[in-house]
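What follows is one structure encoded as structure tokens, with my remarks underneath.
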Amino acid sequence: MKYVPRVVLFLAIPAVLFLLPWWTVVEAPTSGDGPLFWLGSAVFLLGFLSLPAAMFLGHGPAQSDAASIVGDTLLGVMWVVFSWSVIGNIARVGLIAAGVADPGRSRIVAVGVLSVAAVLTVWGIVEARRVPRVRTLEVSIPGLGRGLDGLRMVVITDTHFAALDRLRWSERVVEVVNAQRPDIACHAGDLADGSVAKRRAQVDPLGKVDAELGKFYITGNHEYFGDAPGWIEHMASIGWQPLHNQHETVGRGGDQLVMAGIDDPTGVGLEGHGPNLSAALAGVEPNTPIVLLAHQPRQVAEAAAAGVALQISGHTHGGQIWPFHYLVRLEQPVVAGLSRHGAGTQLYTSRGTGFWGPQLRVFAPSEITVLVLRSPQS
């Protein structure tokens with residue numbers, strides 16, 4: 001019996017995603033009768049049955065890559081159709097006020113919803129699969145010495161190498177990263193979905209990233225859905241320094257900067273894992289500025305209390321598919337960009353370099369971020 005609520009939830013979400021769009025683009029414009037009604041209803045019923053089946057086969061024990069591609073794509077498409085069905089039905093009220101009668105009113109709404117959803121789906125797929133744009137931002141770091149002024153820190157995160165083979169995309173991301181001439185490279189978690197054995201080919205190009213002062217990696221929540229210890233070991237084997245609740249001190253021109261990293265909170269259930277900021281900062285020299293890699297923005301509360309100068313996070317994907325960012329904001333203090341917390345801590349939240357699940361990005365473009373650190377003294 002304890003599994004019944006989980007099964008109900010597993011079916012309830014697809015029901016919500018399909019029911020309103022079905023009514024909006026099938027039932028209302030056809031008045032519930034005729035060939036288009038029955039054909040449209042059959043398509044929606046097939047989709048409703050396929051989504052939970054594909055998600056279970058793709059993300060359950062079977063771990064079928066083909067099923068996960070089908071399920072994830074269907075989930076993304078239906079979120080777009082559902083969102084614009086809501087907007088379409090709000091527009092319906094305006095048409096009623098304007099005196100537009102049915103069935104013309106419902107047909108206008110249906111055509112509008114389907115047209116916008118189709119355009120955004122195609123555009124969203126192109127946006128998700130493209131090599132991310134570079135976003136450059138200067139960040140003033142209190143206490144940063146003149147020798148480190150202008151340090152270029154290139155951030156990638158949420159690459160989510162998964163069922164879709166994105167080997168060429170991975171290689172091109174590395175080319176773009178290296179073109180930014182990074183002094184430090186960072187990967188802020190959610191490297192891949194799946195085991196090292198299944199995804200390493202897509203990850204291995206990251207070994208060609210060239211950064212003079214170091215390449216640093218932390219775990220995200222998705223590593224803990226698979227094989228976090230394996231990914232930590234693998235990233236170390238291709239030249240990245242995992243920051244598993246630890247720090248490294250880098251320097252230039254006689255000045256120093258602490259690069260620290262903590263685990264994602266999802267790792268708490270795995271022995272020896274889970275965020276431990278005290279351990280990560282143990283032995284840090286006083287007055288040395290600290291840059292902290294922490295996958296989730298909400299970890300900034302503890303970072304601010306510890307006097308961290310800058311926290312770098314990912315996790316949110318900027319919402320990935322509009323208007324999902326409103327739901328993300330319920331869990332995280334920030335969805336994207338640079339923000340301030342506490343007395344003197346800054347947080348940069350990346351929209352992510354890749355995508356999770358649905359191969360769509362709608363009004364939430366991916367990014368490769370260049371943070372240029374500035375000394376207030378310069």
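Worth pointing out:
- With contacts taken as Cα pairs under 8 Å at a separation of at least 6 residues, segment 304-378 carries a relative contact order of 36 percent.
- Largest first, the residues 38, 231, 356, 79 sort by 1.4 Å accessible area into 38, 356, 79, 231.
- Accessible carbon and sulfur surface of the chain relative to its total accessible area, %, 1.4 Å: 62 percent
- Based on DSSP H segments of at least four residues, each scored -39500 (n - 2.57), the chain has a per-residue ellipticity at 222 nm of -13000 deg cm²/dmol.
- Where GluC sites (Glu not before Pro) fall in DSSP loop in segment 271-358, at most 14 other Cβ within 10 Å: 271, 331
- Net charge in the neighbourhood of residue 239 (other residues with Cβ under 10 Å of its Cβ; Lys, Arg +1, Asp, Glu -1) is +1.
- With DNA, RNA and ligands ignored, accessible area of residue 210 (1.4 Å probe; Å², nearest 10): 110 Å²
- Share, in percent, of DSSP beta bridges within the chain that are antiparallel, nearest 5: 35 percent
- Antiparallel DSSP beta bridges within segment 216-374, as percent of all bridges there, nearest 5: 45 percent
- Per residue value of the accessible surface for the chain (all protein chains in place, 1.4 Å probe), Å²: 44 Å²
- Of all the options 365, 29, 103, the one that moves most in a Gaussian network model of the chain with Cα springs shorter than 10 angstrom is 103.
- Across segment 335-343, coupling constants 3J(HN,Hα) worked out from phi with the 6.51/-1.76/1.60 Karplus curve, θ = phi - 60°, read 9, 6, x, 8, 9, 10, 9, x, 6 Hz, and Gly and Pro carry x.
- Relative contact order, percent, segment 217-317 [alpha-carbon distance under 8 Å, six or more residues apart]: 25 percent
- Between 66, 128, 98, the residue with the greatest mean-square fluctuation in the GNM of the chain (Cα pairs under 10 Å linked by springs) is 98.
- In order through segment 74-82: 3J(HN,Hα) via Karplus (6.51 cos²θ - 1.76 cosθ + 1.60), integer Hz, x for Gly, Pro: 5, 4, x, 4, 5, 5, 5, 5, 4
- For residue 139, the amide hydrogen comes within under 5 Å of the amide hydrogens of 372, 373, 374, counting only partners 5 or more places away or on other chains and with H modelled in the peptide plane.
- Comparing 217, 326, 348 in a Gaussian network model of the chain (Cα springs below 10 Å), the most mobile by mean-square fluctuation is 326.
The values are calculated or read from the model by the stated rules, or taken from the named source; none is laboratory data. Just so you know, these numbers come straight off a predicted model, no measurement behind them. Here the Cβ is made from the backbone with ideal geometry for all residues, glycine too, and neighbour counts use every protein chain on show. SASA here: full protein model, heavy atoms, side chains in, ligands and nucleic acids out. Shrake-Rupley method; radii C 1.70, N 1.55, O 1.52, S 1.80 Å.
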